[in-house]
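Report on one structure; see the data block that follows.
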Amino acid sequence: VLYMGMPESSTVTTCAYCGVGCSFKAEMKGEEVVRMVPYKDGKANRGHSCVKGRFAYGYTTHKDRILNPMIRDKITDPWREVSWEEAFAHVANEFRRIQYQYGKGAIGGITSSRCTNEETYLVQKLIRQGFGNNNVDTCARVCHSPTGYGLKTTFGTSAGTQDFDSVEHTDVAMIIGANPTDGHPVFASRLKKRLRQGAKLIVLDPRRIDIVRQPHVEAAHHLPLKPGTNVAVLTALAHVIVAESLFDEAFIRERCDWSEFEDYAAFVSAPHHSPEEVEKVSGVPAETIRAAARLYATGGNAAIYYGLGVTEHSQGSTTVMAIANLAMLTGNIGRPGVGVNPLRGQNNVQGACDMGSFPHELPGYRHMSDDATRDIFEAVWKVTLDPEPGLRIPNMLDAAVEGSFKGIYVQGEDILQSDPNTTHVAAGLEAMECVVVHDLFLNETANYAHVFLPGSTFLEKDGTFTNAERRINRVRKVMAPKNGLADWEVTQRLGHAMGLSWNYTHPSQVMDEIARTTPSFAGVTYDLLDREGSVQWPCNEKAPLGTPVMHIDGFVRGKGKFIRTEYVATDERSGPRFPLLLTTGRILSQYNVGAQTRRTANVEWHKEDRLEIHPHDAEQRGLRDDDWVKIRSRAGETTLRALVTDRVAPGVVYTTFHHPDTQANVVTTEYSDWATNCPEYKVTAVQVSPSNGP
Ligand code: SF4
């Protein structure tokens, strides 16, 4: 129920859910938020919002919030409330004991794409400076890490190339493996407005997602590809563009290496990349592939927007590079209305990646092995850094099961519910001697924790989030942290307990350090953000007010790089035992593992995860709407209710993962992207059968 009274005060801040990064006025009565009102001057949302953001405050005061630190010796023991001092001392003692006993590399940490830039910067600094290793990772590992690899390889930096306003200049929008209506609702509204004005749409997705079902969209441009065949279809699009000489020769000669292009053109021209051959693999009719390729190459300004349906595959990084190839091939990069635009899932996944939350990179996407970069941080942090990359999340879990990794600090992530192959994640956590969970609620991962540090919500702290268009937005504290300490203060106090002498008194000082050490943030200050509302990085001497469109005069790496993108079928195949392919995603009213949205009014709109199944497959199994079904894969099984719909193609089933009682990731497997280990959530071979319920 929306509050209809008069608020006493309001503060402008940024939504903490998806990567659109909408600005809101948090309206207060006394010490409580009573209403979130979309902020008309917000540059990402222009006064709009979605139903998630409007109710994104109820969880702050939810009874389930844990407000005091807790410890226990064994995970079967009851929790015991302790003071902050006792909790920090306990963690520091345990982590130092583990390092003494098992070695420096036996501990690590996970930063959160839900927390601010300043908080994630401090966590990676704690690990590099305080733990003395590079065992730091972020949940981008399981979503957009292939974007990092793919765009850095082809363009030289890992970021979306355009701002959201750019969609107003787009003539052709190609959406690949994303469902903006549910995942990025405010951006979806802007895109739909542009489509109503006459822009054309191409959609590569196994499901008939909402935007395909809009009356003004031509069905011919929906490419309903079989899960796992993105690379084959994208390379076939390039095949058509080269075969019909629809490429932009002038752009390629000026902005790319011509001999690399010739090699790439010869590669895509091979007969097995033809639409007819790819139809056999992907199920997309050859003529639909040809029509989409012609439209993308000749329809005017063409922009690509993509999501986790691109990255969460064993060829996730290859798919990102295939997308970049298409943009360079047609000259659709470096001006408004075009480009390659990853739609980031979480509010600060872009920022967490920018802030060096990866085991191989320091802030600003600079590799640990780069001497000049290490020199900068060593001078500021007064420490010697290890040039060798540390462990990724899956490596940490594997090492835990093998016995060499014993302690972890998990900030703002529920890896048990969100990471693939739940059984393996649980085994890894169970094998550790000190699991520290820093979060708002006792989430699923906390079942395996020895220490729980209560977290603060976005309403209780200052900082910044960076959205999908590289826009750095201010997060402003509207109330005192109910747990007593903002998350950046928790990390600082943990650092003190481990012997570090940090003395930040406000997150703006952390941003000042980021600006000193990271060239793309060199011009960013809280004063600038307050004055301008927000800025998009790079923001430095060359671009004092930020950079809405990247790669205008040249790519960050110099020449754009074409990459051969050979399709390799995933090892996860359907067959007689597991005849259907499961893919997963989100729904509009819920957010990720639902820890927050399930504790707000949003839960009324989506109370359970359902399994979408095509009428043909349902009939074969004697299933009707609402029937209980069991889904089983090589990794595990779970039970949920069926939703019979032709949104999914025959042979494909789909579910969301917002509710812990479903545990959808019990069935997802260990396969992952070859370059980054991003899990292959989007392709799991399963069997589906009637069930009597959980
Ligand atoms: Fe905006 Fe995303 Fe928040 Fe919705 S969830 S209000 S689209 S930032």
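None of the figures in this text is laboratory data; all of them are computed from the coordinates on show. For clarity, every value in this text was computed on a predicted model and none was experimentally measured. For neighbour counting, all protein chains shown are included, and Cβ atoms are generated from backbone atoms with ideal geometry for every residue, glycine included.
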Sticking to Cα atoms, compute the Rg of region 290-341 to one decimal and its Dmax as the biggest Cα-Cα distance, whole number, in Å.
11.3, 32
Between residue 634 and residue 527, what is the label-to-label distance in nm when each label sits 7 Å out along the Cα-to-Cβ direction?
5.9 nm
Taking a threshold of 31 Å on the Cα-Cα distance, which of the pairs 482/542; 192/559; 559/682; 63/461 fall above it?
482/542; 192/559; 559/682
I'd like to compare 129-138, 545-554: which one has the highest average count of other Cβ atoms within 10 Å, and what's the full order after that?
129-138, 545-554
Hey, got the Cα dimensions of region 82-208 along the principal axes, in Å, largest first?
64, 36, 27
Evaluate Rg over Rh across the chain, taking Cα atoms for both radii and Kirkwood's formula for Rh.
0.95
Which order do the peptides 314-320, 483-489 take when ranked by the mean count of other beta-carbon atoms within 10 Å per residue, highest first?
314-320, 483-489
Just from the alpha-carbon atoms, what are the Rg and Dmax of region 471-552 in angstroms?
15.2, 47
How far is the Cα center of region 312-385 from the Cα center of region 219-261, in Å?
23 Å
Restricting things to alpha carbons, find the Rg to Rh ratio for region 145-342 using the Kirkwood radius for Rh.
0.93
Under 12 Å from the residue 382 label point (7 Å along Cα→beta-carbon), backbone N, region 501-536:
501-503
The ³J(HN,Hα) series, computed from each phi in region 489-501 with the Karplus coefficients 6.51, -1.76 and 1.60 at θ = phi - 60°, rounded to the nearest Hz and given as x for glycine or proline, is 6, 4, 5, 4, 5, 5, x, 4, 4, 8, x, 8, 10
For region 534-593, with the dipole built from +1 on Lys and Arg beta-carbon atoms and -1 on Asp and Glu ones, taken about the Cα centre, which of 563, 550, 585 lies farthest toward the positive end?
563
With Cβ to Cβ distances under 12 Å as the rule, what net charge do the other residues near residue 87 carry (K, R +1; D, E -1)?
-1
Could you sort the peptides 687-694, 356-363 by per-residue average Cβ neighbour count (10 Å cutoff), highest mean leading?
356-363, 687-694
What's the exposure ranking of 184, 62, going from fewest to most Cβ atoms within 10 Å?
62, 184
Within the chain, the percent of DSSP beta bridges that are antiparallel, given to the nearest 5, stands at 50 percent
Take the alpha-carbon centre of region 42-114, take the same for region 434-502, and report the distance between them in whole Å.
6 Å
Output the direction-averaged projected area (hull surface divided by four) of the convex hull of the alpha-carbon atoms of region 151-207, in nm².
4.7 nm²
Nothing charged except the Cβ atoms of Lys and Arg (+1) and of Asp and Glu (-1): what's the magnitude of the dipole of the chain about its Cα centre? Round to the nearest 20 debye.
1180 debye
Have a look at region 525-571 and give its Rg and Dmax from the Cα atoms, expressed in angstrom.
17.6, 52
Whole-Hz ³J(HN,Hα) from phi, Karplus 6.51 cos²θ - 1.76 cosθ + 1.60, for region 157-173, glycine and proline x:
8, 9, 6, x, 8, 10, 8, 5, 4, 4, 4, 5, 10, 8, 9, 9, 10
For n ≥ 4 DSSP H runs only, could you compute -39500 (n - 2.57) per run for the chain, divide by its residues and tell me the 222 nm figure to the nearest 500?
-8500 deg cm²/dmol
Show me the three semi-axes of the equivalent ellipsoid for region 46-136, from the C-alpha gyration tensor (sqrt of 5 times each eigenvalue), largest first, rounded to whole Å.
32, 21, 10
Looking at the P(r) of region 9-61, how many percent of alpha-carbon pairs lie beyond 18 Å?
22 percent
Excluding residues fewer than 8 positions from residue 74 in its own chain, the lysines with Cα under 20 Å of it are 406
